[in-house]
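Beneath this line is the structure, given in structure tokens, with notes to follow.
The values are calculated or read from the model by the stated rules, or taken from the named source; none is laboratory data. The model shown is predicted, which means the values in this text are computed figures rather than measured ones. Cβ atoms come from the backbone with ideal geometry, glycine included; neighbour counts cover every protein chain shown. Note: areas computed on protein heavy atoms with side chains; ligands, DNA, RNA excluded. Shrake-Rupley method; radii C 1.70, N 1.55, O 1.52, S 1.80 Å.
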Amino acid sequence: MATRAGLAALLCMLCACALAEAAPQIGEPAPPLKGRLFSGEAFDLAALRGKVVLLNFYSSYCSRCAYEIGLLETVYEEKRAQGLEVIAIGVDD
């Protein structure tokens with residue numbers, strides 16, 4: 001399990017380094033992010049353009065992540081009418 005945690009942390013750091021070079025400036029669009037939802041439906045971050053989007057990367061074996069997801073759900077319920085979208089991305093295998 002520690003190996004998975006280490007790999008997940010390394011993946012996050014590599015992604016952060018890759019994005020740091022091409023990080024958009026304030027007011028510029030976010031980098032492309034596409035994937036599949038649990039339902040199998042396609043997801044494209046560009047479809048949410050114009051909204052405030054909070055991306056959260058989590059792991060199912062991270063107890064702090066589970067706590068954080070609960071907090072984000074509360075914030076989302078309070079702010080979604082103002083355009084907030086919360087996208088949680090699992091980094092498990």
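Summary table below
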| read-out | value |
| --- | --- |
| Where labels lie 7 Å past Cα in the beta-carbon direction, separation of ILE69 and ALA30 in nm | 1.8 |
| Spin-label pair CYS62/LEU48, simplified geometry with 7 Å Cα→Cβ offset, distance in nm | 1.6 |
| Residue-normalised accessible area of the range 32-93, expressed per residue, 1.4 Å probe, Å² | 77 |
